[in-house]
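See below for the structure under consideration.
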Amino acid sequence: MNEKSESSESASHKNFIEVEIEKDMATKTELIGKHVATRFPPEPNGYLHIGHAKSICLNFGLAKTYGGTCNLRFDDTNPTKESEEYVNSIKTDVQWLGFQWDKLLYASDYFGQLYDWSVQLIREGHAFVCDLNAEQMREYRGTLTEPGKNSPYRDRSVEENLDLFTRMKQGEFPDGARTLRAKIDMSSPNLNLRDPVMVRIMHAHHHRTGDQWCIYPMYDWAHGQSDSIEGITHSICTLEFENHRPLYDWFCKTLKIHHPRQMEFARMNLSYTVMSKRKLLQLVTEKHVSGWDDPRMPTISGLRRRGYTPESLRLFCEKIGVARFSSLIDVIVLENSIREHLNPIAPRYMAVLDPIKIVLTNYPEGKEELLEAVNNPEDPNGGSRQIPFSRELFIERDDFMETPPSKFFRLKPGGEVRLRYGYIIKCNEVVKDSDGNITHLNCTYDEQTKSGSPTAIDRKVKGTIHWVNARQASHVEVRLYDRLFLSETPEDAPEGKTFLDNINPDSVRTVTAVVEHELAKQEPGARVQFERNGYFCVDVKDSQSNAPIFNRIVTLKDTWAKIANKA
RNA sequence: UGCCCCGUGGUGUAAUUGGCAACACAAGUGAUUUUGGUUCACUUAUUCUAGGUUCGAGUCCUAGCGGGGUAGCCA
């Protein structure tokens, strides 16, 4: 049973679900000789987001840990909201995350079985056809504090129920005219037990069963039964289904079928992010983002396009843990997970996002030399490359300050800085146009300080900055993404405002960067580090051949920014 | 308002099930560093409150306080 510690994570502790599963498998007689069976059961009515990733990692992870199985099952019981498009995107996302299901299944596969079981419950007096409309049913249900009243149709004979239910199936009645309800207890303190609707009439085309059915089961009357049919041992879902568990149990018990154990965990809340399908949809339809796969979206497809790796998302899900307390995860944890994955593997390049020119006045005009640059200091086998160096270069505008604060280790008038892989230079003159804007900086370089040369060791400077050779620079589009929301909890908007008012107006900034030649040749999907800037990914959708567009996945940690902000 | 669930450093999770409160991240300090990155070291707690049981309580009991869920023919 030590497979858990064999997987990549470092001796992590068991979560409460693992503890319970191990207890169940060891003690429950009906589970003896069986393997752990879980499932990931999305409704195909939207795109998967990072919150689903938690559930996916949990369910598939459990199966892996205990040598069991995990199915992908679509809970497609509401044809008006579902489509093939969503089915396909969900399959893509699950596989991209690195998981392979044991079986691919649909709740709609079980409509026939569910119908037969409905008939069984009617025969046994556990279900009845009700003629109350939606509004009347709400009245009869009672409230949180008052018990409900029995439906006037509750005591119909088995024969009448059977007849009516058959005719419901045959399409004799319009939508909403009747429902099949479980006969439980209208005075139960748990509202889910007040004779819940099992089957409703819906003359709608289903993306898989077509027009075969005009009655469709409700979630409660499909989910547990599907679990049961598939031999699921542990049915793991989020906390909002907690109050449904007694009903889940009631159906299995009353039907006398295999009875999986439902366990609930807290859904993920991420700071500076909204996660509800409704709000994500609103962001898309109202064009606050470019689509479901906009790199700022918390959808799997958005994170993928942004440049997040499956490994980083799995790592993230491992880090946040699983519990029953509804917590708020700091988005920094997400950002760190991609830094952690990319740091040892992403090749480094120099790219200047906001260029300012420097002229090395003592460097011979027309001379050019090649400097050796390490591809990745974290990777001993990463090798090196040659980059051209000459009299005119670009550096980052932020790396020069005319009147810098203390502890500014970069270029300043009269100050020195090292050009990465090159020389130490000194800024002698700030050249401005008539409007007072800096046009370029006149600097001198010290030949003795060339990187790697024995004489270079003699002198040290505090700062090293990146640069790009002016004459041979390539120009590429770079999209600088930031958080989509300004507020830690965007949903908490003040009176009269909504989460949309918390949108960050600068969540994306597009710039043309001057970069090393090598960067212009990167293929879509490639992930690199721009030294001192961050990790970037070549956009898969908008890049043209020989014209990559870079998405900033995440900046590097920036302790200078912290120091500067304090001052 | 009824019922259900949950409260452990700033954040997220642990604690051999009643026996020295631990890990990661964040924050801070220092070291290393030709990325203000990486790496390394060190620093940060009345376990929501009040009672109770016990030799001993984060863990069990009671009450309070706080947070979440729940009144679709959605899932």
Cysteines without a disulfide-compatible partner [chain A; Cβ-Cβ under 4.7 Å]: A:70, A:130, A:214, A:237, A:252, A:427, A:443, A:537
Cα→Cβ-extended label distance, 7 Å offset, between residue A:402 and residue A:123, nm: 9.1
Table column - 3J(HN,Hα) (Hz), the stretch A:478-493, Karplus curve with 6.51, -1.76, 1.60, x for Gly and Pro: 10, 9, 8, 8, 10, 4, 6, 10, 7, 9, 4, 10, x, 5, 7, 9
DSSP-assigned coil residues among trypsin sites (Lys or Arg not before Pro) in the stretch A:352-393, each with at most 16 further Cβ atoms within 10 Å: A:367
Taking a ≥ b ≥ c as the square roots of the Cα gyration tensor eigenvalues, with a/c under 1.5 meaning rounded and otherwise prolate when a/b beats b/c, else oblate, which class fits the stretch A:266-313? oblate
With residue A:44 itself left out, Lys, Arg at +1 and Asp, Glu at -1 over residues whose Cβ is under 15 Å from its Cβ give -2
Chymotrypsin sites (Phe, Trp or Tyr not before Pro) restricted to DSSP loop in the stretch A:299-358 with at most 10 other C-beta within 10 Å: A:325
Residues with amide H under 5 Å of residue A:550's amide H, sequence separation 5 or more or different chain, H placed in the peptide plane at 1.01 Å from N; which? A:477, A:478, A:479, A:539
P(r) tail fraction, chain A - alpha-carbon pairs more than 44 Å apart, %: 36
Place a +1 charge on the Cβ of each Lys and Arg in the stretch A:293-346 and a -1 charge on the Cβ of each Asp and Glu, then give the dipole magnitude about the Cα centre in debye, rounded to the nearest 20. 80
Only loop residues by DSSP count here, and only those with at most 15 other Cβ atoms within 10 Å; note down the trypsin sites (Lys or Arg not before Pro) in the stretch A:22-60 that meet that. A:28, A:34
Potential extension, residue A:493-residue A:446 segment - 0.36 nm per residue separation minus Cα distance: 11.3 nm
For the stretch A:476-553 and the stretch A:156-180, write down the distance between their C-alpha centroids in whole Å. 55
Taking K and R as +1 and D and E as -1, what net charge do the other residues with C-beta under 9 Å from the C-beta of residue A:186 add up to? +2
With the charge dipole of the stretch A:200-292 built from beta-carbon charges (+1 for Lys and Arg, -1 for Asp and Glu) about the Cα centre, the Cα from A:218, A:257, A:289 projecting farthest to the positive end belongs to A:289
Quick one: if the Förster radius is 60 Å, what FRET efficiency do residue A:13 and residue A:162 give, using the C-beta to C-beta distance and rounding to 0.05? 0.65
Using each residue's phi in the stretch A:374-386, evaluate 6.51 cos²θ - 1.76 cosθ + 1.60 at θ = phi - 60° and report the 3J(HN,Hα) Karplus result to the nearest Hz, with x for Gly and Pro. 6, 6, 7, x, 7, 10, x, 9, x, x, 9, 9, 9
Sequence order, the stretch A:511-519: Karplus ³J(HN,Hα) from phi using 6.51 cos²θ - 1.76 cosθ + 1.60, θ = phi - 60°, Hz rounded, Gly and Pro as x, gives 10, 9, 9, 9, 9, 4, 3, 3, 5
Antiparallel DSSP beta bridges within chain A, percent to nearest 5: 70
Enumerate the amide H contacts of residue A:198 below 5 Å, restricted to partners 5 or more residues apart or on another chain; note that Pro and chain-start residues carry no placed amide H. A:180, A:181, A:182
Please list the non-local residues whose amide H lies under 5 Å from the amide H of residue A:127, H modeled 1.01 Å from N, same-chain partners needing a gap of 5 or more. A:122, A:183
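Every number here is computed from the coordinates shown, using simple stated rules; none is lab data. The shown structure was predicted, so the numbers you read here are calculated from the model rather than taken from an experiment. Glycine gets a Cβ as well: all are built from the backbone with ideal geometry, and neighbour counts include every protein chain shown.
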